[in-house]
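Beneath this line is the structure, given in structure tokens, with notes to follow.
The values are calculated or read from the model by the stated rules, or taken from the named source; none is laboratory data. Computed from a predicted model, the values in this text were never measured in an experiment. For neighbour counting, all protein chains shown are included, and Cβ atoms are generated from backbone atoms with ideal geometry for every residue, glycine included. Keep in mind that these areas ignore ligands, DNA and RNA; they rest on the heavy atoms of the full protein, side chains included. Shrake-Rupley method; radii C 1.70, N 1.55, O 1.52, S 1.80 Å.
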Amino acid sequence: MHISVDSDRCIGSAQCAVTVPSVFEQDEDGLSTVIPGREDGGGEPLVREAVRACPVRAITIKETEDA
Amino acid sequence: MTDTLDETKTLADGPEDAPAYPIGRTCPYQMPPGYEQLREKGPISRVTLWNGRIAWLITGNELGRRLFPDGRLSSDVLDPNFPLLAPRIEAQRQQAAAPPLVGVDDPVHARQRRTVLPSFGVRQVNALRPAIQKYADELLDKMLAKGPGVTVDLLSEYALPMPSAVICMLLGVPYEDHHYFDERSRHVLSSSGQEQAAQAQTAFTEILAYLDDLISRKQAEPGDTLLDELIARQLDEGKVDRQELAMIATVLLVSGHETTSNMIALSTMALLAHPEQLEALRSDESLMPQAVDELMRFTSIGDMLMRVAKEDIEIEGHLIKAGDGVILSTMLMNRDPGSFEGADDLDIFRPSGRHVAFGYGIHQCIGQNLARAEMEIALATLFRRVPTLELAVPADEVPVNAPYVLQGVSELPVTW
């Protein structure tokens, strides 16, 4: 899978960073980003919960062939 | 097709089956009487407001989570169709400007939110934890010096001054001035009764004037707080004007007071009423983050979040027309049995998430990470240091706030 955060839509609620701190972090503007190298989710089962927790649906998961 | 159209319900279907709303709580942390019937009618039904106006009430968790982020629902409190829960709020709306952040839509909201967002990040909040702990301990030192065996008001001794000290510290308001705000922010958010509309208005104006003056003082003598940063990064660069900055600071200051203090008070009451869960929490403080999350869900202090439809929205066999008022009940969404097993039970072992107690969509509470840290520290410290804490009056005699303001109590007499 490939995870991305739409920074135009992000409101910095940090729900993703709190749910899966090994995949998401906040940049210095307070907006969420995917930690470089963790775009595949690192096998974290809670990534889908983070998608659901996001109040503005700013997180996208694209399924990739090799997932 | 015709059949479907005929069956689509609109507000024009009449006032029958639209009960009076909002409804006062009898127990400050439980659903008010009448909510079970509203829940059964869910996920969308109709209610009648004080002025006879009929509005939509959203009670289902899934439906609410679809509607909260819907851009066709507006938070613009200056829209003449914006639904108001009490005459007092009608009076408050006579203000010329919409309150920043909470009372405006994107793109204005997004610009304002991004202005202050960097200070409310998880890292920034965690850096404040030692200071929060220090305030909690100092307040309890003072409170404990009065007892044991005396009755004190936990709200004014602890639950209110702690978040007050924290938001004052964050904004750069001198600590010695925080009493000034404790009382006034309480008037703005929780004062009940029509005669207090003017009091709420005066309090808001006074806070605004104080912060405007503080901005001048900080321009002359800069420090390193959120307000200083906003002055340097935003005001001096022309990204916000002075009036807007003072208003943003006022909204943050007021919101940072009463919300967290009500949560500390109601959480204390709810935990005292569930001694086995309190004991589990006391013996394992690592349960605190999820317990706080559950207490947020269970008490749902910011129950009614209002919106006005800017366009027609057809949903679940109902037609929300442009101009209709929509009230999202976070309490009913958080007590939706389709989303939470044993929805009316307090269960601190429940997995976190999926409640909407901080709201949902673009307006979700900007201070939620700070609020969580304050609640975790306030409750852990209180129950650790005052193990024999109990209510000094029967729980049903604790005075409850009016239904149309933030839910909480006006005092919480305790003893130990």
When the Kirkwood radius is taken over all Cα pairs of chain B, what Stokes-Einstein diffusion coefficient follows at 37 °C and 0.692 mPa s, in µm²/s? 148 µm²/s
At q = 0.31 Å⁻¹, the log10 of I(q)/I(0) for the stretch A:1-41 from a Debye sum over equal Cα scatterers comes to -1.16
Once whole DSSP H runs in chain B are found, which of them have Cα atoms spread over 30 Å or more along the helix axis and a mean Kyte-Doolittle score of at least -0.5? B:122-144, B:197-220, B:242-272
Suppose each label sits 7 Å from its Cα in the direction of the beta carbon; what would the B:SER286-B:LYS41 distance come out to in nanometres? 4.7 nm
For chain B, built as a Gaussian network whose Cα springs stay under 10 Å, the top-fluctuating residue of B:PRO148, B:PRO399, B:PRO87: B:PRO148
Please report the buried accessible area for the interface of B with A, total over both chains, probe 1.4 Å, in Å² to the nearest 100. 1700 Å²
Can you give me the solvent accessible area of B:TRP416 with a 1.4 Å probe, rounded to the nearest 10 Å²? 40 Å²
Given the stretch B:261-416, report the % of alpha carbon pairs whose separation exceeds 24 Å. 39 percent
Can you give the log10 of the normalised intensity I(q)/I(0) at q = 0.13, 0.22, 0.25 Å⁻¹, computed with Debye over equal Cα scatterers of the stretch B:309-375? -0.54, -1.08, -1.18
Counting only protein heavy atoms with a 1.4 Å probe and every protein chain in place, the carbon and sulfur fraction of the accessible surface of the stretch B:212-318 in whole percent equals 48 percent
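Give me the accessible area per residue for chain B, probe 1.4 Å, as a whole number in Å².
I get 40 Å² per residue for this part.
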Residues of the stretch B:116-143 buried by at least 40 Å² on assembly (accessible area, 1.4 Å probe, chain alone as reference): B:LEU117, B:PRO118, B:VAL122, B:ARG123
Separation between Cα centres of the stretch B:150-169 and the stretch B:271-288, rounded to whole Å: 22 Å
Give me the 1.4 Å probe accessible area per residue for chain A, excluding ligands and nucleic acids, in Å². 54 Å²
Considering protein heavy atoms only and a 1.4 Å probe radius, which residues within the stretch A:22-37 exhibit an accessible-area decrease of no less than 50 Å² in the full assembly relative to the chain by itself? A:GLN26
Highest-fluctuation residue, B:GLU374, B:GLU206, B:GLU40 considered, GNM on chain B with Cα pairs under 10 Å: B:GLU40
With a Cα-only, solvent-free Debye model of the protein assembly as shown, what are the log10 I(q)/I(0) values at q = 0.08, 0.14 Å⁻¹? -0.48, -1.58
For chain B, what is the calculated [θ] at 222 nm in deg cm²/dmol (nearest 500), taking -39500 (n - 2.57) for each run of four or more DSSP H residues and dividing by its residue count? -14000 deg cm²/dmol
Can you tell me the FRET efficiency between B:ARG233 and B:LYS134 if r is taken as the Cβ-Cβ distance and R0 is 35 Å, rounded to the nearest 0.05? 0.80
For the stretch B:101-179, report the translational diffusion coefficient in µm²/s to the nearest whole number, using Stokes-Einstein at 37 °C, 0.692 mPa s, and a Kirkwood Rh over Cα pairs. 221 µm²/s
Residues in the stretch B:30-57, backbone N under 18 Å from the label point at B:ASP13 (7 Å along the Cα-to-beta-carbon vector): list them, ranges by number please. B:37-49, B:53-57
Rounded percent of accessible protein surface that carbon and sulfur make up, the stretch B:331-416, 1.4 Å probe: 52 percent
